[in-house]
Amino acid sequence: MKRSLARRILFVSLVAVTAAGSAVGCSRSKTKAGAAEAGSFTIWDPYPQFDASSGWVQLLNKCGSDAGVTIKRTGFDTSDLTNKTLLAAQQANSPDVLIVDNPVVSTLAEAGVLTTTDEAKLDTSAAQPNLLAAGQLGGKTYGVPIGANTLALYYNKAVLQAAGVDVASVKDWASLTDALAKVTAAGKKGITFSAIGTEEGSFQFLPWFWGAGASLTALDSPQAVSALTLWVGWLTKGYAPNSVINNTQTTSWQEFATGQYAFAENGTWQLGNAKKAGFEYGIIPIPGIQGGTAPAPTGGEFVTIPVQKATERYATSAKLVACLTSTDNSYTTDTTLSYVAPTSAVQAKQVAAAPELKVWVDAVQAAKGRTSDNLGTKYPRISQPLWTAMQAALSGSKPAQDALTAAQATAAAAAK
Amino acid sequence: MTGKRTWWHTPVAIGLTAVMLFPIYWMINVSFTRGQDMRKSPPNWFPVHGTLDGYRAVLDQQLPYLGTSVVVGLGTVALTLILSAPAGYAMAKLRPAGGGVLSFVLLIAQMIPGVIMAMGFYAIYLAVGVVNTVPGLILADSTIAVPFGVLVFTAFMSGIPEELVEAAEIDGAGYLRTFWSIVLPLSRNAIVTVSLFAFLWAWSDFVFASTLDQGGDHQPITLGIYHYIGNNNQEWNAIMATAVVASIPATVLLLAAQRYVTAGVTAGAIKE
Amino acid sequence: MDHTTRRRARQQWAAWAFLAPVVVYLIVFYAYPLYRNLDLSLHDYTVRSFVQGGARFTGLDNYRAVLHDPSFAPALLHTAVFTLTSLAFQFAIGMALAVFFRQRFRLSGTLRALFLVPWLLPLIVSASTWSWMLNSDSGVVNSVLHTLGLSPINWLTSPSWSLASVTIANIWIGIPFNLVLLHSGLESIPANIEEAAALDGARPWQRFWWITFPLLRPVSAITLLLGLIYTLKVFDIIWIMTRGGPADSSTTLATWSYRLGFGNLLPAFSPGATVGNLLIVLALIFGLIYIRAQRRQNQP
C-alpha cells in the first residue's frame, strides 16, 4: 500500500516535469515563428526616462509606421546597455536598431555586433567629421550620430558679482584659480565637478587634460600632471568640495543648483535644469591652460544597425535610421534631448531658434571624440587607469605624478 | 516572566526601531525635497519648501509596476513553498542516502553570484521562449529562495518529535499523508519565515528583472525606478518617492504576516 | 530483518520522490550557470569571441593572472575585513534584538515587523540613501558631527573610511535577516526549560548563556553560514556607495569581479568570471567547515 503511494508520487513528479518541459517546448516553436514576424522591429535605446507617452517614443512609432512596420522599443540604463547587447548578440537576439553611447561603438564594432554604414547603406555625409570619428574603427563607420553634447562651465552671476569677479577675465587656468580664490574668500564655494571613479569622471577630466596639451597615449607626461595638479590644488585649498570624488554629473549639478557655487562643469543636457534653477546663470567654454578653448570630449549617442541573420531586414532598419536622423526629425529629437545636432544645417536652425545655444554649438565643433585618433577599443583600457589615478590623487593616497605614472604603466600593459 | 519590570520595554523598543529606520525617514525626507535643496549644506531635517512632484510622477506612472511586483512576489512565495517544503520534509524525516551531498549542493547553489545566474538563464529562457514574461521572472526569483527554503524547512522539521511521525505511521498514514496532515501544520513558523524571505527577495530583486524582463510588457518596480534614471539626469525625489510608495503595500503585508506568526506560535506550541 | 530492510527501501524511494523536483530544479538552474562561469574562466573571452564564439582555451592562465594581480591581495583583505566585521555585528545585534523582542510587550510584534522594512527597498534606494547621509558636504551625519563640535569625516571619499562606511551600511541591511532567523529559533525553544532554570535561581544572563544559546546552536550555525555566503556575494551596496574606491580602498572580490565583467566600457568576462569562481571556492571552504562541524556534533 505505502510502497505504491511512494511510487505514485515519483511518477506524478516525473509526469509533471515532463509536461512542463513539453509545454515549454511547444511555446519555443511558437516563439521562433513569432520572432520572424515580418512586421515587428525592435529598437533599443539608453533613454529609460522616456516612456510610451513621450515625444521620443512617438517619433519612433511614427518612423515605424512610415516604414510600414510596428516598433517594439525598450529603454535601458546606459551603463548596462553594452553588456545586454553583447549577451543578446551572442544568442542571436540583437535588436534591429540600437542607439548607444559613442565611446562604446568601437567596442561593439570590434565584437562584430554592428554592421558598417556601407553594409546597411546609411548616409553619413552630412554629419560633422569630428563627431563621426567616435563611431569609426579601422577606416569604417559603424553608425550615425544622433546628436552631440559636450562640457562647458556654468557660472552663477550673483555669486561672481558679490565676490567682485568679472567673468570676462576668466580666460585661462591662472585667472580661473584666482576667481575661485576670490569667491571662497567672499564666503561662497568655488567650483563643482564630477571626479567619480567611472567613465563620467574621465569625461569631466578630459577638457583639462587636453587643455594642458596632454595626450591619452602618455598619461604621465608633465602636461597631464599639471592638469591633475590643478584639480588637487583646488581640493586642498577648499575651492572645490571633497564630495567631487564621489559626485556624478547629476550630483555635481545639484550642488550648483543650491546657489552656493560660482562655477560648475557640466553639459548641454543641463540647460533645461539651468532655466529652472532660480538664479541667473551664464556659460563660458572651459579655458585651456594658457588661454583659448580647451577641447572637450563629445557625448551623445550613435544610431547603429546590429548584425542580423536575416539580412533582408537591413533595408527597413536603414529606413528607420534615416527617419530618426533626417533634418526635421533631428531638430525635434535634439531639442528634446537638449543635444546639439550633428549636422551644420540643423545646428544653424537650433541657433536661430535659441541664440544662447551658440556657445554650445561652437564647443561641439571644437570637441573631440574619446575614441578618435584611432584609439578605438584602447580607450576603455586607458580611461580606467586614468580615473583610478584621479581618485588616488584627489583622495590624497598618492601624489599626482606617482598616480599618473602608475596609470600609464597599467594602460600600456593593458593595451598590448 | 512578564509583568513586573516591562514598562520600559516598549519605549526602548520604539527607540531602537526609530534608530534602525532613520535611513527610511531620510529617504522620505528626500522624496519631498526640491531639486535645488538636494545638496544643501547643512541638509534640511524636514522638507521645508517641499514638493509633491516626485509623488505625482510616481502615482501617474508606477502603479502598474507595483501590481506586477506584487504578482511576482506572491508567485515566488507559492513556487518556493511548493518546491522546498516537501524537500525539507524528505531531508528531515525520511533520511535519504546522499542527503548530506544534497545539503552541500544546496549551499554551493547559493554561492553563485546573481549576475552569473542571470546570464546563464538568459540563454535558457531565449531557447525556451519565456524571456520577458512574468512566469519566467517568478521562476528566476525562486532560485534566490529555494535553496534557503529547503535548508530552513530541514532545520525546522528536524525539530518535530519522531514520536508524532511514528504515531501517524502506526495509524496507517502514508508519507504524503504524514507530510500534509502532521508535519506541515507544525511547521507554520518555517512556512512564514520562508515566505517572508522569498517575498522580500523577489520584491527587491533587480538583477533577474533587468536581464530577463527588460523588454516585457509587465515589469516590476525595480525596473520602474529606471524611469527616473535617465542617461544623463537622475530625478532623486521621484526615485525616493517610488521607493516609499513601493514599500507601503509590502509593509502592510509584513505586518499582517507577523500577526499570523504570533497566533500560530501560541496555538501550536508542542508540549513535551 | 527483512521487514526493516524493505521499510528502509520504501523510505528511500519516498524521500527521493519528494526530492525529485528540487533535484531537477538544481540541475537546470544552477549547474548550467556554474558551468558557463567555469567555461568563461578557462578561456580567453574577448568581446569578439564572446559574441562570435571560438575563444582560445587558456587553462589556468586566468587564475594565475588574477592571483598575481596587484589588486588581488588588497581585495582579499578587504573581503575578509568586510565579511567578518559585518557578520560579527549583524549577528550580535540581531541576537540582542531577538532576545529583547522575545518578551511579549506591547507593540513587540509590530515593531519587530517594522525592522524588516529595510529589506523591502531595492538596494539602489537603500545604498543611495546611505550615500546621501554620508556625503562629505551635504550629508546629515557630518552635520550632526558638526553640531557636536567634531570635525567632519570624509566617509565615502577617504581611503581610510570608505571600507568602514560600506560595512556600516551592510550591517544595517543584514540585521533583519539575523533578527528573523534567530527570533524564529528562539520561539521554538520550549519555555519550560528556562522557567525551570529560573526557578532554580539562575539569573537572566546565565540562563541565556548556558541554556538558551547552546539550544540555539543549530539555528545560529545556519544563520552565520548563510550570512557568510550572502555577505561574500555583496557588491551592490559597495558599488553604489563608493564603486570600490577611492583607489581600490573598498574593493572586495565581489566588486572586483563585477567591475571586470560589467563595470567598465570594455567588458573583460574571463577575468571577471575567474574572480567570481575564486569567491565561490572561498565560500565552499567555509561550507565544508560547517559540514564537518555538523557531522562532529551529530556523532554521539
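No lab work stands behind these numbers, since they all come straight from the coordinates. Given the structure is predicted, the values throughout are model-derived calculations rather than measurements. No Cβ is skipped: glycine too gets one built from the backbone with ideal geometry, and neighbour counts run over all protein chains shown.
Couple of notes before you dig in:
- Listed by number, the DSSP H helices of chain C that run 18 Å or longer by alpha-carbon position along their axis and have mean Kyte hydropathy of at least -0.5 are C:2-26, C:72-102, C:162-187, C:217-233, C:269-298.
- Nearest 10 degrees, 0 to 90: helix B:114-128 Cα axis against chain B principal axis: 80
- As a ratio to 2.2 N^0.38 Å, the alpha-carbon radius of gyration computed for chain A takes the value 1.16.
- FRET efficiency, 1/(1 + (r/R0)^6) with R0 35 Å, evaluated for A:Ala354 and A:Arg313 via beta carbons: 0.40
- Note on A:Asp123 and C:Arg8: the model spin-label points, each 7 Å out from Cα along the C-beta direction, lie 8.4 nm apart.
- Note on C:Val81/B:Asp171: beta-carbon distance plugged into 1/(1 + (r/R0)^6) with R0 of 41 Å gives a FRET efficiency of 0.15.
- Going by neighbour counts of Cβ atoms within 10 Å, the residues A:Ser169, A:Ser243, A:Ser54 line up, fewest first, as A:Ser169, A:Ser54, A:Ser243.
- The distance separating the Cα centre of segment A:342-416 from that of segment B:119-153 comes to 41 Å.
- Only Cα pairs under 8 Å and 6+ residues apart enter the sum, and on that basis the relative contact order of chain C stands at 26 percent.
- Charge tally in the Cβ shell below 13 Å around A:Asn266, where Lys, Arg are +1 and Asp, Glu are -1, A:Asn266 excluded: -3
- In this Cβ point-charge picture (+1 for Lys and Arg, -1 for Asp and Glu), segment B:58-267 has a dipole of about 200 debye about its Cα centre.
- Scattering curve values for segment B:1-51, log₁₀ I(q)/I(0), Debye with Cα scatterers, q = 0.13, 0.18 Å⁻¹: -0.47, -0.65
- Residue-span extension gain [B:Leu164 to B:Val48] - 0.36 nm each, minus C-alpha spacing: 35.5 nm
- Sum of -39500 (n - 2.57) over DSSP H runs of 4+, divided by residues of the protein assembly as shown (222 nm, nearest 500): -19500 deg cm²/dmol
- Axis of helix A:55-67 versus longest Cα principal axis of chain A: the two differ by about 50°, to the nearest ten degrees.
- Estimated FRET transfer efficiency (C:Phe57, B:Ala78; beta-carbon r; R0 41 Å; 0.05): 0.40
- Mean separation of Cα contacts under 8 Å, 6 or more apart, over the residue count of segment B:1-109: relative contact order %: 15
- Solution diffusion estimate, µm²/s, Stokes-Einstein, segment A:167-255, Kirkwood Rh from C-alpha pairs, 37 °C, viscosity 0.692 mPa s: 241
- With q set to 0.07, 0.16 Å⁻¹, the log10 of I(q)/I(0) for chain C, from the Debye formula over equal scatterers at the Cα positions, is -0.40, -1.34.
- Among A:Lys157, A:Lys398, A:Lys309, the ranking by other beta carbons within 10 Å of each residue's beta carbon, starting with the fewest, stands as A:Lys309, A:Lys157, A:Lys398.
- Angstrom value of the Kirkwood radius, inverse mean 1/r, which spans all Cα pairs in segment B:58-267: 18.9
- Assuming charge only on the beta carbon of Lys and Arg (+1) and of Asp and Glu (-1), the dipole of chain C about its Cα centre is about 900 debye to the nearest 20.
- Positive-end residue of A:Cys323, A:Gln49, A:Ala134, charge dipole of the protein assembly as shown with Cβ unit charges: A:Gln49
- Vicinal HN-Hα couplings computed from phi for segment B:24-35 (Karplus, 6.51 cos²θ - 1.76 cosθ + 1.60; Hz; Gly/Pro x): 5, 4, 4, 4, 5, 4, 5, 5, 9, 8, 6, x
- Debye, to nearest 20: dipole size of the protein assembly as shown, +1 on Lys, Arg Cβ, -1 on Asp, Glu Cβ: 2540
- Karplus-based coupling profile of segment A:164-178, in residue order and whole Hz: x, 9, 9, 5, 5, 7, 7, 10, 9, 5, 4, 5, 5, 4, 4, with θ = phi - 60° in 6.51 cos²θ - 1.76 cosθ + 1.60 and x standing for Gly or Pro.
- Charge-dipole axis of the protein assembly as shown as Lys and Arg at +1 and Asp and Glu at -1 on Cβ define it, positive-most pick from A:Tyr155, C:Thr157, B:Val77: B:Val77
- Shape metrics for the protein assembly as shown, restricted to C-alpha atoms - Rg then Dmax, Å: 29.9, 102
- Cross-link table A:Lys237/A:Lys368; A:Lys171/A:Lys349; A:Lys275/A:Lys358; A:Lys188/A:Lys358; A:Lys140/A:Lys378; A:Lys171/A:Lys275, entries beyond 19 Å C-alpha to C-alpha: A:Lys237/A:Lys368; A:Lys171/A:Lys349; A:Lys188/A:Lys358; A:Lys171/A:Lys275
- Taking trypsin sites (Lys or Arg not before Pro) across segment C:8-62, none is in a DSSP loop with at most 13 further Cβ atoms lying within 10 angstrom of its Cβ.
- Among B:Trp236, B:Trp203, B:Trp26, the largest mean-square fluctuation in a Gaussian network model of chain B (Cα springs under 10 Å) belongs to B:Trp26.
- Sum of side-chain charges, A:Ser194 neighbourhood, beta-carbon under 9 Å (Lys, Arg +1; Asp, Glu -1): -2
- 5 angstrom amide H check on A:Asn149, placed H, neighbours 5+ away: A:Gly299, A:Gly300, A:Val340
- Within a straight-line Cα-Cα reach of under 13 Å, B:Lys93 can be paired with the following aspartates and glutamates, leaving aside sequence neighbours fewer than 8 residues apart in one chain: B:Glu162, B:Glu163, B:Glu166, B:Glu169.
- Around the amide H of B:Asn231, modelled in the peptide plane, lie the amide H atoms of A:Gln49, all under 5 Å away and 5 or more residues distant in sequence or on another chain.
- Rounded to the nearest 10 degrees, the angle from helix B:236-267 to the longest Cα principal axis of chain B is 30 degrees.
- Options A:Gln254, A:Val104, A:Thr82, ranked by Cα towards positive dipole end of the protein assembly as shown, top entry (Cβ charges): A:Thr82
- Cross-link partners of C:Lys233 among aspartates and glutamates, defined as those whose alpha carbon lies under 17 angstrom from its own and excluding same-chain residues fewer than eight positions apart: B:Asp141, B:Asp205.
- Total formal charge among the other residues, if their Cβ is under 15 angstrom from that of B:Leu74, Lys/Arg +1 and Asp/Glu -1: -2
- Average Cα contact separation per residue, segment C:1-121, under 8 Å, 6 or more apart, as relative contact order %: 11
- Residue by residue, segment A:77-86 carries 3J(HN,Hα) couplings of 5, 4, 6, 8, 5, 4, 5, 4, 5, 4 Hz when phi is fed to the Karplus relation 6.51 cos²θ - 1.76 cosθ + 1.60 (θ = phi - 60°); x denotes Gly or Pro.
- In this structure the amide hydrogen of A:Gly190, modeled in the peptide plane, comes within under 5 Å of the amide hydrogens of A:Ala262, none closer than 5 places in sequence on its chain.
- Distance from segment C:180-257 to segment C:34-112 (C-alpha centre basis), Å: 18
- The ranking of A:Tyr154, B:Tyr175 from fewest to most other beta carbons within 10 Å of each one's beta carbon is A:Tyr154, B:Tyr175.
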